[in-house]
Amino acid sequence: MAKTSTTTQGLRAAIERSGYYPALVAEAVEAAVGGEPIRSYLVHQETTFDQNEVRRHVTVLVLTGNRFIVSHTDEQAADNTSPTPYATTSTESVKLGRISSVVVSRVVANPEQYAPGTLPREVVLTIGWGAVSRIDLEPAACGDPNCEADHGYTGSSTADDLSLRVSEAGDGPETVRQALVFAQSLSEATADVTR
């Protein structure tokens, strides 16, 4: 989908619907996108509870013809470093060729009654491009229960750049639908790059 005023307006409207510093978030995202056509987008607002405080976080994902753009905005209460509340916005631009995995996990109720096209109850979108990896190690062992030798370590390395969970109950069916549309667009775009 080429960048049209409808696509740009849709992204801006989604940012405004999130209700989370829309002028700040939109400016950061638009600066990162530049003049590139927008193929797809997803806006996800999340509220968390930190002891006695409520904190909000918004993630905006944008797919262009060449890049995947991630924007995060967090709010912070006044603290030792700032006498007033503040927000931090960051954007990351990733070339589509760097994306190594797009994982879509769907949670459906009553799977024996599932009909194609039914909206999942929950979607978890995990995207890896090699910026952040997690290594889980544990002591290696052999099959001998009496062995006391040091067998070193075993483990796994997992790309863990972005994981985003949306649910019908928490975010509404339209956000779940938009997450699936975005995931499919991103998967198709990364497949096109490898051809």
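Read-outs: derived from the displayed coordinates by stated rules, not from any lab. Just so it is clear, the structure is predicted and the values come from calculations on it, not from any experiment. Neighbour counts are summed over all protein chains in view; Cβ atoms, including those assigned to glycine, are modelled from backbone coordinates with ideal geometry.
Could you give the length gained on full extension between Thr154 and Thr7, defined as 0.36 nm per residue of separation minus the Cα-Cα distance, in nm? Could the numbers behind the result be given before it?
Details: separation 147, 0.36 × 147 = 52.92 nm, distance 4.74 nm.
Computed gain between Thr154 and Thr7 is 48.2 nm.
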Original post:
Taking the chain as a Gaussian network, Cα atoms linked when under 10 Å apart, which of Thr118, Thr81, Thr47 shows the biggest mean-square fluctuation?
Top reply: Thr81
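So what is the calculated 222 nm ellipticity per residue for the chain, using -39500 (n - 2.57) for each DSSP H run with n of 4 or more, over all residues, to the nearest 500 deg cm²/dmol? Present the calculation step by step, with values, prior to reporting the outcome.
Details: 4 runs with 52 residues, N = 195.
Per the formula, -8500 deg cm²/dmol.
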Subject >> Coordinate range along principal axes, alpha carbons of region 1-96, Å, largest first >> reply: 44, 24, 19
Subject >> Degrees, to the nearest 10: 173-194 long Cα axis against longest axis of the chain >> reply: 70 degrees
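Expressed as a rounded percentage, what relative contact order does the chain have, with Cα pairs under 8 Å and six or more residues apart? The partial results should precede the final answer.
On the way: 340 pairs, mean separation 31.5, N = 195.
The value is 16 percent.
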**OP:** Using only Cα atoms, find the angle between the long axis of helix 5-18 and the longest principal axis of the chain, and express it within 0 to 90 degrees, rounded to the nearest 10.
**Re:** 70 degrees
Original post:
Between Ala169 and Arg98, what is the spin-label point distance in nm, taking each point 7 Å from the Cα along the Cα→C-beta axis?
Top reply: 3.7 nm
**OP:** Report, to the nearest 10°, how far helix 22-33 tilts away from the longest principal axis of the Cα atoms in the chain, using its own Cα long axis and a range of 0 to 90°.
**Re:** 70 degrees
Subject >> Summed side-chain charge close to Tyr86 - residues other than Tyr86 whose Cβ falls under 10 Å, Lys, Arg +1, Asp, Glu -1 >> reply: -3
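Between Tyr114 and Asp192, what FRET efficiency follows from the Cβ-Cβ distance if R0 is 25 Å, with the result rounded to 0.05? All intermediate terms of the calculation are to be shown ahead of the outcome.
Working: r = 30 Å, r/R0 = 1.18.
That gives a FRET efficiency of 0.25.
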